[in-house]
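Below you'll find the structure, written out as structure tokens, and then a few comments.
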């Protein structure tokens, strides 16, 4: 477990972009230069109800959650053979892949995973916010954003459904999920251990007696 402090110079500062665009070591030990636009994966929360407790302040940032802290070890979840974590390299895209354009940047999308073109193939990347697709995997879960709004969650990505299509949105703070992908890491925030995936911090909690993770609202203090 890494004891990284928010706001230090170790790359875990809240609000920094994920390190897409740098060289990433992949399973076959080949360095691939991922030349794509970075995206930000910082949680947002629609202001429909206040948090019950003051934020946990650490490293110049306040971490707010609705549920009490309940530590359980982070264990990466595997969504099956079609799902790949960020940085996974493929030489050839499947015939089921489609092209998705976001701000003049083209991505390949296949079964819940976005890919960017790289030297000699394609590499799985963070889902670009604003990307819209017609279908997402049937294993996607519904997550409650507010009493009247739901998102869909699959493989670390959140979608909003409108007019029969699914658009990638930021992680909704206050919502809970029970699965986090490969590539996350445990980080210390004061005396609590969060799980950080991209730029999003998840607090280990329990929901109805089962282990889960709540998306934390993180704001500079």
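The values are calculated or read from the model by the stated rules, or taken from the named source; none is laboratory data. Predicted, not measured: the structure shown is a model, and the values here were computed from it. With ideal geometry, Cβ positions are generated from the backbone for all residues, glycine too; neighbour counts draw on all protein chains shown.
Determine which member of the set 153, 201, 213, 194 is under 30 Å from residue 91 (Cβ atoms) and either crowded, with 22+ Cβ neighbours inside 10 Å or out of contact with any helix residue (DSSP H, G or I) (no Cβ under 9 Å at 6 or more places or on another chain) (or both). Don't jump to the end; show me each part of the working.
Working: 201 fails: under 30 Å from residue 91 (Cβ atoms); 213 fails: under 30 Å from residue 91 (Cβ atoms); 194 fails: under 30 Å from residue 91 (Cβ atoms).
The conditions single out 153.
Criterion applied to 160, 144 was being part of a strand (DSSP E or B) and modelled with pLDDT under 95, and the one residue passing it is 144.
Just to check your reading of the model, which residue among 115, 107, 159 is in contact with a strand residue (DSSP E or B) (Cβ under 9 Å, 6 or more places away or on another chain) and within 30 Å of residue 51 (Cα to Cα)? Break it down into steps so the answer makes sense when it comes.
Details: 115 fails: within 30 Å of residue 51 (Cα to Cα); 107 fails: within 30 Å of residue 51 (Cα to Cα).
Of 115, 107, 159, the one residue that is in contact with a strand residue (DSSP E or B) (Cβ under 9 Å, 6 or more places away or on another chain) and within 30 Å of residue 51 (Cα to Cα) is 159.
When residue 152 is tested against (1) at pLDDT 95 or above; (2) part of a loop (DSSP other than H, G, I, E, B), exactly one condition is not met: (2). Does residue 130 satisfy being more than 11 Å from the chain's Cα centre (by Cα) and not in a strand (DSSP E or B)? Against the criterion (more than 11 Å from the chain's Cα centre (by Cα) and not in a strand (DSSP E or B)), residue 130 qualifies.
Do the conditions hold for residue 205, that is, is it part of a strand (DSSP E or B) and in contact (Cβ under 8 Å) with a residue 12 or more places away in the chain? Steps first, answer last, please.
Numbers: part of a strand (DSSP E or B): yes; in contact (Cβ under 8 Å) with a residue 12 or more places away in the chain: yes.
Judged against the criteria, residue 205 is a match.
Condition (residue is at positive phi and either at pLDDT 95 or above or within 13 Å of the chain's Cα centre (by Cα) (or both)) applied to region 199-219: is it met by at least one residue? Yes.
If only one of 12, 25, 35 is modelled with pLDDT under 65, surrounded by fewer than 16 Cβ atoms within 10 Å (Cβ to Cβ) and touching a strand residue (DSSP E or B) at 6+ places or on another chain (Cβ under 7 Å), which one is it? Don't jump to the end; show me each part of the working.
On the way: 12 fails: surrounded by fewer than 16 Cβ atoms within 10 Å (Cβ to Cβ); 35 fails: touching a strand residue (DSSP E or B) at 6+ places or on another chain (Cβ under 7 Å).
It is 25.
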